[in-house]
1. When a/c is below 1.5 the answer is rounded, else prolate if a/b is larger than b/c, else oblate, so apply that to region 26-201 with a ≥ b ≥ c taken from the square roots of the Cα gyration tensor eigenvalues.
2. Fully extended, how many nm does the chain gain between Arg162 and Asp63 (0.36 nm per residue separation, minus their Cα-Cα distance)?
3. Can you pull the accessible area of Tyr69 for me, 1.4 Å probe, Å² to the nearest 10?
4. Write down the percent of antiparallel bridges among all DSSP beta bridges whose residues are both part of region 26-201, to the nearest 5.
5. Taking 7 Å along the Cα-to-C-beta vector as the label spot, tell me the Ile105-Asp190 distance in nanometres, rounded to one decimal.
6. If packing is taken as the mean number of other Cβ atoms within 10 Å per residue, what is the order of 85-93, 190-198, 118-126, highest first?
7. Could you tell me which of rounded, prolate or oblate describes region 105-198, using a ≥ b ≥ c as the square roots of the eigenvalues of the alpha-carbon gyration tensor, with rounded for a/c under 1.5 and, failing that, prolate when a/b is larger than b/c and oblate otherwise?
8. Would you mind checking which residues have amide H under 5 Å from Ala161's amide H? H placed 1.01 Å from N; only 5 or more apart, or other chain.
Amino acid sequence: GLDSVPFRREDERFRHPEVIEKRERNVVVINVRDASGSMRETKRELVERVFTPMDWYLTGKYDAAEFRYVVHDAEAWEVDREEFFGIQSGGGTRISSAYDLVEEILTEYPYSEWNRYVFAAGDSENAGSDTRDNVIPTMESIDANLQAYVETQPGDGAANARHADEVESAFGDADDVAVARVSDPDDVTDAIYEILSTESGGGGSAPDGATVARRTDGGERR
């Protein structure tokens, strides 16, 4: 019977779940692409070849990943992933319109809680002084682990393709801004390495994400 079961002093202690705080690593990646009339199929394919592996890499690096897609000509708008790599407009180019939208989107992802990446690509053609007067100041104001611009310009490029050069000149060797150039598929691997190796320490300065309280009895609360 129960009277014959011996009790030890440790059996009389009150047991309760131990709460362990663990950081949940969240990331938002905003991919930006020029969809103007000059972005022909070959240029769009180069964008996809660079962006897709970087998305895979960041998906594996973080616990929770969200991806947003922005395209632009002289104006910018948000699309889904399927549209992102194929869409083309007949308009001109004003890259700052995309960065204005990026800033708006990032208000949904506070830097104190989210790791943030902004990857943009195009053929480096931009309207007038838009890069110097508008894009660069906006990039400077964005808190992000890493911002990158990928120039996809097959062949010798165009005389007015100055955006990548101007961004590179403005940010120099900054460890949170990268510029890469892709003129054919053989350049893709080097471009990806150039971008991902730029981020200082591979982790950026943002906190890893929201705190999650995990219970040893299997429960979880955010």
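The values are calculated or read from the model by the stated rules, or taken from the named source; none is laboratory data. Note that the coordinates shown come from a computational prediction; the quantities given were computed from them, not determined experimentally. Virtual Cβ from ideal backbone geometry, glycine too; neighbours counted across all protein chains shown. Note: accessible area is taken over every heavy atom of the protein model, side chains too, but ligands, DNA and RNA are not part of it. Shrake-Rupley method; radii C 1.70, N 1.55, O 1.52, S 1.80 Å.
1. Values: a/c = 1.31, a/b = 1.25, b/c = 1.04.
Note, shape of region 26-201 comes out rounded.
2. Values: separation 99, 0.36 × 99 = 35.64 nm, distance 3.72 nm.
Full extension of this stretch gives 31.9 nm more.
3. Accessible area of Tyr69: about 20 Å².
4. Numbers: 5 of 33 bridges.
Here the share of antiparallel DSSP bridges comes out near 15 percent.
5. 2.9
6. Working: 85-93: 15.7, 190-198: 17.2, 118-126: 25.2.
Descending packing order for the listed peptides: 118-126, 190-198, 85-93.
7. Values: a/c = 2.14, a/b = 1.35, b/c = 1.58.
It comes out oblate by the Cα gyration axes.
8. Sorted by chain and number, the residues that satisfy this come to none at all.
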